[in-house]
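Asker: The structure follows.
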Amino acid sequence: MNDAKRVAAPSAFSIWLDHHWRSLTASVRSLVRKPFASLLTIAVLALALALPLGLLASLQNIERFAGNVQQSREISVFLKQDVTTEDARALTESIRARSDVANIVWKTPEEGLADLRKTSNLGEALDSLDSNPLPHLLIITPKADDAGLVAEMQTSPKVDIVQHDQIWRQRLDQWLGFGAQLAWILAIVLGAAAVLVIGNTVRLDIQSRREELGVLQLLGATDGFIRRPFLYLGAWYGIAAGVLALVLLGGVNRALQPSLSALAGSYGSQFSLQGFNVVQAVAAVLVAGFLGWMGAGFVTGHFLRQTRPMGR
């Protein structure tokens with residue numbers, strides 16, 4: 001009869017899981033208990049996180065506005081005026097057969113003149129011309145390195161002018177690389193600042209509960225048992241700051257969008273700012289949460305080492 005009434009003791013895993021849940025809810029209560037102080041800390045952290053995130057988002061938009069500089073590698077080759085249609089066709093086919101050419105578009109003088117009529121207001125002036133002044137145009141898209149192809153086109157006897165923006169692209173690549181490096185440096189510096197801010201906030205919470213934690217240590221509570229609620233508290237600070245930083249960047253995006261759309265429209269473009277995608281946003285929030293967890297871990301570890309009872 002006694003065996004039937006005996007209740008099975010909970011397993012070690014269920015006890016561990018239950019304490020994690022209690023620590024999680026206790027950390028939430030700790031945030032809610034001091035709403036103004038919590039919001040102030042989260043706002044400061046969000047501003048620190050928004051700076052590198054905003055710079056990274058700006059670099060992505062600049063690169064997209066530039067036409068994806070890694071892929072925009074077109075070379076415009078203007079043939080000499082006396083090159084015949086048969087010679088232009090033969091040159092086009094020979095270039096198309098090259099292994100370092102991804103694509104080539106051949107535009108005849110007639111097609112070039114028609115495009116000029118569509119894109120300009122020079123219709124009457126073009127009609128007054130006795131002959132078509134435009135040459136054959138080859139628009140070449142190389143696969144990879146285009147230095148050799150450009151040099152060969154420039155020395156071809158049938159080529160008059162080669163327009164190539166390699167120097168501009170290289171400079172833009174260098175500026176984008178510098179911006180990305182600056183963004184990562186800011187992320188490291190401000191991430192360290194976020195760790196310190198969260199650590200100091202958690203330290204103040206630990207100091208307010210110092211006697212309670214001391215009693216737990218005397219009763220034999222493990223370091224993990226004491227540390228766990230503060231780790232969750234730091235993680236909540238980081239996660240909330242990451243979410244708020246993304247919200248702030250979204251607000252900046254919406255504020256700038258009308259003026260940018262008007263500016264882009266004046267150039268005949270429909271460019272619009274784009275924020276982080278879902279994967280990038282989730283990754284940013286998780287990294288912010290990890291920074292909070294790490295800051296709380298440093299502070300609680302230091303506290304436990306200082307107050308550990310003798311013999312433990």
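The numbers here are math on the coordinates, done by the rules we state, and not lab data. Please read these numbers as outputs of a predicted model, since none were measured by experiment. Here the Cβ positions follow ideal geometry from the backbone for every residue, glycine too, while neighbour counts run over all protein chains shown.
Asker: VAL101's amide H: which non-local residues (gap 5+, or another chain) put their own amide H closer than 5 Å, with H modeled 1.01 Å from N in plane and none for Pro or chain starts?
Answerer: LYS143
Asker: Now a separate question. So how much slack lies between SER261 and ASN132, counting 0.36 nm per residue of separation and subtracting their Cα-Cα distance, in nm? If you can, show how the numbers build up before the last one.
Answerer: Working: separation 129, 0.36 × 129 = 46.44 nm, distance 3.75 nm.
Result for the pair: 42.7 nm of gain on full extension.
Asker: Sticking with this structure for a sec: Can you list residues whose amide H is under 5 Å from ILE161's amide H, if they're 5+ apart or on another chain and H is modeled 1.01 Å from N?
Answerer: Here the answer is PHE78, since their amide H atoms fall under 5 Å of that of ILE161.
Asker: In straight Cα distance, which lysines are under 29 Å from LYS118, not counting same-chain residues fewer than 8 positions off?
Answerer: Of all the lysines, those that pass the test against LYS118 - Cα under 29 Å, at least 8 places apart if same chain - are LYS80, LYS107, LYS158.
Asker: Explain nothing, just compute: Karplus ³J(HN,Hα) = 6.51 cos²θ - 1.76 cosθ + 1.60, θ = phi - 60°, for every residue of the stretch 28-42 in order, whole Hz, x for Gly and Pro.
Answerer: 5, 4, 5, 5, 6, 5, 10, x, 5, 4, 5, 5, 5, 5, 5
Asker: Sorted by average packing, counted as other Cβ atoms within 10 angstrom per residue and highest first, what order do 179-192, 278-291, 44-57, 233-246 take? Mind dumping the intermediate values first?
Answerer: Details: 179-192: 15.1, 278-291: 17.1, 44-57: 20.8, 233-246: 24.6.
Averaged packing, sorted descending, gives the order 233-246, 44-57, 278-291, 179-192.
Asker: Can you figure out the FRET efficiency of SER58 with LYS80, using R₀ = 35 Å and their beta-carbon distance, to the nearest 0.05?
Answerer: Values: r = 44 Å, r/R0 = 1.25.
The formula returns an efficiency of 0.20 here.
Asker: Still on this structure: For a Förster distance of 41 Å, can you work out the FRET efficiency between the beta-carbons of ASN277 and GLN306, rounded to the nearest 0.05? Provide the component values of the computation, followed by the final result.
Answerer: Numbers: r = 45 Å, r/R0 = 1.09.
For R0 = 41 Å, the calculated efficiency reads 0.40.
Asker: Place a label point 7 angstrom from the Cα of THR141 along the Cα-to-Cβ direction, then list the residues of the stretch 104-118 whose backbone nitrogen is under 11 Å away.
Answerer: Only 104-105 pass the distance filter.
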